[in-house]
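To keep things clear, I will list the structure first and then write my remarks on it.
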Amino acid sequence: MKKIVLPILCLAFLGMAPVPFQDCNSESLATSCIPKLANGFNFLKSYKVDGLAKDKVEYSYVFTQGTQYMINLCANGNPPDGIVVAIFDKERNKVASSKINGQAAAAIAYSCNATGIYYIQYTFDEPSAHCGGSALGFKR
Amino acid sequence: MRSLLTLWALVVLISCSSKKPDSEAFLKTLENPETATPGVDEEVVNAILEQIPSPLEISVLLKQSGSRYNSEMLNSSHNLPRYNSNYKKALNLGVYGTDLGYTNIFGRNQDGLKYISAIKSLADELNIGQFFDVQTIGRLAANSKNLDSLLLITTMNFNHINHYLQSQSRDNLSVLLLTGGWIEAMQITCQTAARNPGNKQLQEKIGEQKIILEQILLLFSFYETDANMATLKADLNQLKLAYDKVEISYTYKESTMQIVDGVAVIKDNSTTNINIKPENVEEISKITNTIREKITS
């Protein structure tokens with residue numbers, strides 16, 4: 001019995017073993033993004049974009065009508081460095097994306113026309129680019 | 001060996017059966033606050049806390065609407081000695097944070113200095129004073145040309161305080177800080193709207209706060225065993241009854257997007273319609289003022 005159970009348990013543990021990922025200092029990248037907000041935008045939030053163990057990172061925020069928001073991206077390489085940020089409304093309709101017709105930008109300037117809860121979603125175009133930071137600012 | 005194997009097997013079973021956070025359920029609670037179940041889930045609480053807008057956004061709107069600065073609307077820093085419990089300290093830390101943002105936006109830095117001092121005192125008493133760089137803020141506040149830096153550092157300080165409280169499992173204080181800040185912003189907006197009865201934009205700003213109130217009530221549903229928070233929640237529910245008469249409708253229309261100078265510029269073509277009548281504003285203002293009085297007294 002022991003001869004059967006032990007290999008099964010070993011295989012189970014091997015299957016569960018985490019894949020070794022490189023470190024992601026997303027906090028530092030998020031902080032470095034704050035001063036890179038365009039002139040006139042007031043800083044609101046910084047976001048860690050640590051996608052090493054997942055295929056997307058998501059936050060939510062209440063955007064308000066009549067306010068312009070900027071979300072920028074920072075990465076170890078030249079931003080956007082394979083990171084795409086998109087905004088979805090509460091019904092999960094895409095209202096903004098940093099990737100338009102295959103061309104990727106390092107920031108979104110979004111003039112909100114409808115107050116509500118929105119989802120800020122970060123996805124990754126390239127497997128190597130799963131680490132970054134981002135900042136959210138506003139102006140009226 | 002057998003007992004060792006049993007232990008390993010148990011670990012495997014527990015690992016495999018551990019319930020992961022249900023993201024679908026969480027998103028539903030964001031969209032339908034009334035379906036939330038009680039019991040503190042820090043991950044959910046922190047996610048909701050993160051989505052509440054800064055009161056600074058309202059202060060900017062007030063200034064741009066042409067309303068005049070009025071220090072009488074703010075909570076006097078002389079009230080500081082009244083706040084003896086952590087509950088009152090956290091709430092009024094939020095209140096004073098909003099007041100500081102308001103004075104900053106209107107360039108009334110001398111008034112702002114009083115709030116910096118009050119905020120530092122409350123933060124110290126709540127053991128979070130290390131995140132409030134009073135010297136730098138005071139130096140920036142001395143010159144009105146430093147507005148951008150002043151707003152940046154105060155926002156960063158409050159973000160650090162919130163992250164720290166959440167990391168220390170003191171998120172109830174974060175909820176109170178946020179609620180105090182929001183009620184103060186509501187009170188300032190309502191008073192400004194009362195002085196400018198023809199300003200439709202201010203009325204709509206009050207109306208759209210229905211969305212924020214729903215999220216705050218969702219947060220309070222996690223702390224029903226806390227007597228202070230349960231009392232405040234009952235007051236906030238009174239405000240919700242008034243807000244139930246406000247209708248917000250949303251129409252989605254695909255956005256227009258183009259990349260200009262390396263930035264994705266998005267024109268939102270969706271719309272919200274906020275149906276709020278003057279009598280609704282009056283009722284909301286009255287209840288808000290009552291809650292604010294309880295918080296600051």
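The values are calculated or read from the model by the stated rules, or taken from the named source; none is laboratory data. Because the structure is predicted, anything quoted here is derived from the model rather than measured. For neighbour counting, all protein chains shown are included, and Cβ atoms are generated from backbone atoms with ideal geometry for every residue, glycine included.
Filtering region A:49-63 to residues that are within 11 Å of chain B (Cβ to nearest Cβ) and either modelled with pLDDT under 95 or part of a helix (DSSP H, G or I) (or both) leaves A:54, A:56. Would you call residue A:86 crowded, with 18+ Cβ neighbours inside 10 Å, out of contact with any Gly (no Cβ under 6 Å at 6 or more places or on another chain), more than 8 Å from chain B (Cβ to nearest Cβ) and not in a loop (DSSP other than H, G, I, E, B)? When the stated conditions are applied, residue A:86 passes them. The set of residues in region A:84-113 that are touching a strand residue (DSSP E or B) at 6+ places or on another chain (Cβ under 6 Å) and of a type in the set (Asp, Glu) contains only A:89. Restricting attention to region B:258-281, the residues being outside any strand (DSSP E or B) and either touching a strand residue (DSSP E or B) at 6+ places or on another chain (Cβ under 7 Å) or surrounded by fewer than 15 Cβ atoms within 10 Å (Cβ to Cβ) (or both) number 8. Among the candidates B:281, B:260, B:265, the residue that is among the aliphatic types (A, V, I, L, M), at pLDDT 95 or above and over 30 Å from residue A:109 (Cβ atoms) is uniquely B:281.
Just to be sure, is residue B:115 of a type outside the set (A, V, I, L, M), buried (at least 23 other Cβ atoms within 10 Å of the Cβ) and within 14 Å of another protein chain (Cβ to nearest Cβ)? The answer is no for residue B:115.
Report the residue count in region B:195-244 for those that are in a loop (DSSP other than H, G, I, E, B) and crowded, with 19+ Cβ neighbours inside 10 Å. Matching residues across region B:195-244 total 0. The selection criterion, being among the hydrophobic types (A, V, I, L, M, F, W, C), touching a residue at least 60 places away in the same chain (Cβ under 8 Å) and in contact with a Pro (Cβ under 9 Å, 6 or more places away or on another chain), does not hold for residue B:202.
All conditions in (1) touching a helix residue (DSSP H, G or I) at 6+ places or on another chain (Cβ under 9 Å); (2) facing chain B (nearest Cβ under 8 Å); (3) of a type outside the set (Lys, Arg); (4) part of a loop (DSSP other than H, G, I, E, B) hold for residue A:113, with the sole exception of (1).
Anything in region A:64-83 that is among the polar types (S, T, N, Q) and either facing another protein chain (nearest Cβ under 7 Å) or in contact with a Leu (Cβ under 7 Å, 6 or more places away or on another chain) (or both)? List them, or say none. Answer for region A:64-83, where residues must be among the polar types (S, T, N, Q) and either facing another protein chain (nearest Cβ under 7 Å) or in contact with a Leu (Cβ under 7 Å, 6 or more places away or on another chain) (or both): A:64, A:65, A:67, A:72.
The numbered conditions (1) surrounded by fewer than 24 Cβ atoms within 10 Å (Cβ to Cβ); (2) more than 25 Å from residue A:40 (Cα to Cα); (3) more than 9 Å from chain B (Cβ to nearest Cβ) are all true for residue A:130 except (1). Selection within region B:128-154: residues that are among the β-branched types (Val, Ile, Thr) and surrounded by fewer than 21 Cβ atoms within 10 Å (Cβ to Cβ). The member of this set that is farthest from the other protein chains (Cβ to nearest Cβ) is B:134. Being surrounded by fewer than 20 Cβ atoms within 10 Å (Cβ to Cβ), facing chain B (nearest Cβ under 8 Å) and closer than 24 Å to residue B:58 by Cβ: is that true of residue A:99 here? Answer is no for this residue. The set of residues from region B:90-120 being among the β-branched types (Val, Ile, Thr) and farther than 17 Å from residue B:54 by Cβ comprises just one member, B:116.
Look at (1) more than 16 Å from the chain's Cα centre (by Cα); (2) under 25 Å from residue B:251 (Cβ atoms); (3) more than 9 Å from chain B (Cβ to nearest Cβ) and you find that residue A:41 fails only one, number (2).
Against the definition (modelled with pLDDT of 95 or more and either more than 26 Å from residue B:229 (Cα to Cα) or within 14 Å of another protein chain (Cβ to nearest Cβ) (or both)), how does residue B:125 come out, yes or no? It is false that residue B:125 is modelled with pLDDT of 95 or more and either more than 26 Å from residue B:229 (Cα to Cα) or within 14 Å of another protein chain (Cβ to nearest Cβ) (or both). Within region B:192-243, if we keep just the residues that are charged (D, E, K, R) and over 20 Å from the mean Cα position of the chain (by Cα), the residue that is farthest from the other protein chains (Cβ to nearest Cβ) turns out to be B:195.
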